[in-house]
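Engineer: Let me begin by handing over the structure; questions about it come next.
Computed from the coordinates by the stated procedures, all read-outs in this text should not be read as laboratory data. This structure is a prediction, so every number in the text was calculated from the model and none was measured. Please note: Cβ atoms are built from the backbone with ideal geometry, for glycine as well, and neighbour counts cover all protein chains shown.
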Amino acid sequence: MRRLLLLLLVCALAPVSGALAAVAAREPCGLPLPSAAGTPALPHVAAALAGAPASLDVLVVGSATVLGPAGNPTDAFPQAMADALRTRVPGLAVSLVVHGIRGRTAAEMVPLLRQSLAAKQFQLVLWQTGTVEAVRRLPPDGFAATLAQGIQAVHAAGADLVLVDPQYSEMLESKADLPPYRAAILQAVSGPGTALLDRYDLMRDWARAGLLDLDHTAVGARAKVSERLHTCLGDMLARRVLAGAAAAGG
């Protein structure tokens, strides 16, 4: 079972090269995932994928974006991740518990995180954070301390964590000072059990390549582009999770 899983992970993470047009034909979202070299190990995910039968319980916490472009979790990137994982690892059962609350800070989400972890065993937690703090210009040091508390709670509950940083958009850039909060998230991703989906960089690269650019999309087409964006983020997130499992020797 472990050998089969490792083969599936290797195939899922095979590098893609060539011109953008060639990449677009081979990658569902136009651009390949940045190098998985140095991806933190996700040992609890690896153990779950190696189970018989393989199953993965995922807790998702964050602001409104985890609920999808129209407030429907079935259209959001966490659900797209679950779908991509099932495709890449045949037979894998994935279940999601999603808590998305608009306008909540990380400090306000930590109690919900702890409550959810106490109520059910999860192998993976997705924590989307940093946007509210950046918009409100809350102290970055306090945000970093809150991240440390949340990470400790996740690990104490026997789960791995993937942090999801703020999204990229010209409007958000004009309203928020994102770099200090993105730096705090990057600093928090250290050691086994904690990885990062660099959503900001992915969305910026897609926008600059003219592939998925909500800022310059006609109003009538935004719903379709937003749905595609969530699908692509979910696919990239699935590949990051599988890279972490592979790094753990799963």
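Engineer: Sum up the charges of everything whose Cβ sits under 13 Å from the Cβ of Phe122, counting Lys and Arg as +1 and Asp and Glu as -1, but leave Phe122 out.
Structural biologist: Around Phe122, the surrounding residues sum to 0.
Engineer: Once you have the Cα-Cα distance between Ala156 and Val97, take 0.36 nm times their residue separation minus that, and quote the gain in nm to one decimal.
Structural biologist: Length gained between Ala156 and Val97: 19.4 nm.
Engineer: Kirkwood hydrodynamic radius, the stretch 94-156, all distinct C-alpha pairs: what's the number in Å?
Structural biologist: It works out to 12.4 Å.
Engineer: Please compute the modelled spin-label separation between Gln115 and Arg136, points set 7 Å along Cα→Cβ, answer in nm with one decimal.
Structural biologist: With each label placed 7 Å out from Cα toward Cβ, I get 1.7 nm.
Engineer: Right, another one. For the ranges 135-143, 227-235, 241-249, 190-198, what's the packing order if you count other beta-carbon atoms within 10 Å of each residue, average per peptide, and put the highest first?
Structural biologist: 241-249, 227-235, 190-198, 135-143
Engineer: Let me ask another. Under the definition of Cα pairs under 8 Å and six or more residues apart, what whole-number percent is the relative contact order of the stretch 50-196?
Structural biologist: Once divided by the residue count of the stretch 50-196, the mean separation gives 24 percent.
Engineer: Still on this structure, I have one more. Starting from the amide H of Asp160, placed 1.01 Å from N in the peptide plane, find each other amide H under 5 Å away whose residue is 5 or more places distant or on another chain.
Structural biologist: Here His44, Val45, Leu124, Val125 satisfy the definition.
Engineer: Moving on. Taking the Cβ-Cβ separation of Arg208 and Glu108 as r and a Förster radius of 25 Å, what is the calculated FRET efficiency to the nearest 0.05?
Structural biologist: E(calc), rounded to 0.05, equals 0.15.
Engineer: Still on this model: Describe numerically, in nm with one decimal, the distance between label points set 7 Å from Cα along Cα→Cβ at Asp83 and at Met171.
Structural biologist: 2.4
Engineer: Points 7 angstrom from Cα along the Cβ direction at Leu186 and Asp201: gap in nanometres?
Structural biologist: Simple spin-label model gives 0.8 nm for this pair.
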